[in-house]
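The values are calculated or read from the model by the stated rules, or taken from the named source; none is laboratory data. Worth saying up front: this structure is predicted, and the values here are computed from it rather than measured. Cβ sites come from the backbone with ideal geometry, for glycine too, and all protein chains shown count toward neighbours. All accessible areas refer to the heavy atoms of the entire protein, side chains included, with ligands and DNA or RNA removed. Shrake-Rupley method; radii C 1.70, N 1.55, O 1.52, S 1.80 Å.
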Amino acid sequence: MTVIGVLGLQGAVGEHLKQLQSCGVDAVVVKKAEQLQDIDGLIIPGGESTAIRNLMDRYGFVEPLKSFEQPIFGTCAGMVLLANELSGTEESHLQRINIRVKRNASGRQKDSFEAALEVKGLEEPYHAVFIRAPYVEETGDGVEVLATYDGQVVAAKEGNILVSAFHPELTDDHRFLQLFIDMVNSSKLTVV
Ligand code: GLN
């Protein structure tokens with residue numbers, strides 16, 4: 001059975017667990033770096049990226065996550081944490097995907113909003129929920145853009161790393177999460 005972990009330091013952990021379970025996946029909360037050995041993929045949830053980073057430091061997650069080989073899906077704050085670069089003077093964290101991210105970038109928009117997105121790999125539009133969302137300012141070599149909103153990249157993938165500026169765990173539509181589950185299953189098939 002496929003086991004997907006949700007990094008349980010801060011943020012929307014329970015919502016991801018529920019959605020994984022409703023997709024028939026074995027979902028576990030990851031609170032210790034040793035648990036990374038027992039999972040096939042990891043979700044870094046939305047929340048407050050600075051708080052998650054501080055807890056990652058405190059519980060020894062940074063180096064293990066830089067070298068974690070299985071797929072990782074970062075939603076919102078998780079996307080901020082996975083980016084190679086952050087806009088402005090902020091230091092980047094895990095540097096796992098070749099994108100530059102601007103935090104809290106909704107700008108003149110409301111803090112939270114919803115939008116129907118065209119997502120690569122999904123046939124029908126996907127209803128996305130954004131909460132104080134970051135967006136991708138620039139994508140580098142090897143990065144596949146999966147969705148844009150208002151001309152800005154809000155979902156992308158590079159190798160085993162998937163990111164979204166929105167919160168797939170807050171809707172009943174499981175199709176975006178399923179894209180990640182498919183990545184995890186196919187990476188399991190290639191690692192024998
Ligand atoms: N703005 C938050 C951050 O950068 C992310 C918001 C979210 O995860 N909903 O940490």
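Just a few scattered comments:
- Any hit, segment 20-40, residues being among the small types (Gly, Ala, Ser) and within 12 Å of the ligand (Cβ to nearest atom): no
- Residue selection: GLU124 satisfies the criterion of being modelled with pLDDT of 95 or more, surrounded by fewer than 20 Cβ atoms within 10 Å (Cβ to Cβ) and either within 14 Å of the ligand (Cβ to nearest atom) or more than 18 Å from the chain's Cα centre (by Cα) (or both).
- Residue in segment 148-181 that is nearest to ALA133 (Cα to Cα), counting only those that are free of Cβ contacts under 8 Å to residues at least 40 places away in the same chain and open to solvent by less than 10 Å² (accessible area, probe 1.4 Å): VAL154
- Residue pairs whose Cβ atoms lie under 6 Å apart, sitting 6 or more positions apart in sequence or on different chains, and linking a residue in segment 38-52 that is touching a residue at least 24 places away in the same chain (Cβ under 8 Å) and open to solvent by 10 Å² or more (accessible area, probe 1.4 Å) to a partner that is part of a loop (DSSP other than H, G, I, E, B) and within 10 Å of the ligand (Cβ to nearest atom), are GLY47/GLN10; GLY47/GLY11; ALA51/GLN10.
- All conditions but one from (1) under 14 Å from the mean Cα position of the chain (by Cα); (2) at positive phi apply to GLY142; the one that does not is (1).
- Candidates in segment 47-85 are the residues that are in a strand (DSSP E or B) and aliphatic (A, V, I, L, M); of these, the one that is nearest to the ligand (Cβ to nearest atom) is ALA83.
- Taken over segment 107-118, the residue count meeting the criterion of being open to solvent by 40 Å² or more (accessible area, probe 1.4 Å), outside any loop (DSSP other than H, G, I, E, B) and of a type outside the set (S, T, N, Q) is 2.
- Qualifying positions in segment 56-85 - open to solvent by less than 10 Å² (accessible area, probe 1.4 Å) and either β-branched (Val, Ile, Thr) or more than 16 Å from LEU9 (Cα to Cα) (or both): PRO71, ILE72, THR75, VAL80, ALA83
- Scanning segment 135-170 for residues that are modelled with pLDDT under 95 and assigned to a loop (DSSP other than H, G, I, E, B) yields ASP150, GLY151.
- On inspection, GLY121 passes the criterion of being part of a loop (DSSP other than H, G, I, E, B), free of Cβ contacts under 8 Å to residues at least 60 places away in the same chain, in contact with a Leu (Cβ under 7 Å, 6 or more places away or on another chain) and under 18 Å from SER187 (Cβ atoms).
- Scanning segment 28-46 for residues that are in a helix (DSSP H, G or I) and touching a strand residue (DSSP E or B) at 6+ places or on another chain (Cβ under 7 Å) returns GLN35, LEU36, ASP38.
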